[in-house]
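The next block holds one structure in the form of structure tokens; read it before the comments.
Taken together, the values in this text are just the output of simple stated rules run on the coordinates, not laboratory data. Treat the numbers as computed from the prediction; the structure is a model and nothing was measured. Neighbour counts are summed over all protein chains in view; Cβ atoms, including those assigned to glycine, are modelled from backbone coordinates with ideal geometry.
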Amino acid sequence: MTYWDVALVADDADLQARCTAAASLEAIEDPQLWAYAHRWEYAAQPGWGDAYASALVNEVAAPGRDPAVITDGQILSATQALNGAG
């Protein structure tokens, strides 16, 4: 994983939408703003940068949209941890 991989994850609009959806389902107030504010913390989750970089190498068209790259479970786990971190 490189810092560039993490930056790509943080700037992926599809992944951001999925993180917003998770925040919404967790009843976080203003989920879009909250998920955006935590985008770098999401991107720095263990394994996310590597998974994203691997998807790019394997020519996955939309890695942030593909739940085989970063799963909904990973997003939910990160959302819950970040929300608990307050």
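For the chain, the gyration tensor built on C-alpha atoms gives a prolate shape. Its axis ratio a/c (a ≥ b ≥ c) is at least 1.5, and a/b is the larger of a/b and b/c. Each residue in R18, R39 was given a count of other beta-carbon atoms within 10 angstrom of its own, and listing them fewest first yields R39, R18. Packing order of peptides 56-65, 7-16, highest average first: 7-16, 56-65 (average count of other Cβ atoms within 10 Å over each peptide's residues). Would you please give the FRET efficiency between E59 and E29, computed as 1/(1 + (r/R0)^6) with r the Cβ-Cβ distance and R0 = 41 Å, to the nearest 0.05? Taking R0 as 41 Å, the efficiency between E59 and E29 is 0.60.
Over the chain, DSSP H runs of length four or greater, each weighted -39,500 (n - 2.57), average out per residue to a 222 nm ellipticity of -19000 deg cm²/dmol. Considering only alpha-carbon pairs that sit under 8 angstrom and 6 or more positions apart, the relative contact order computed for the chain is 37 percent. Taking Cα centre as origin and charging only the Cβ of basic (Lys, Arg, +1) and acidic (Asp, Glu, -1) residues, the dipole magnitude of the range 3-85 rounds to 40 debye. Spin-label model, D72/M1: points 7 Å from Cα along the beta carbon direction are separated by 2.3 nm.
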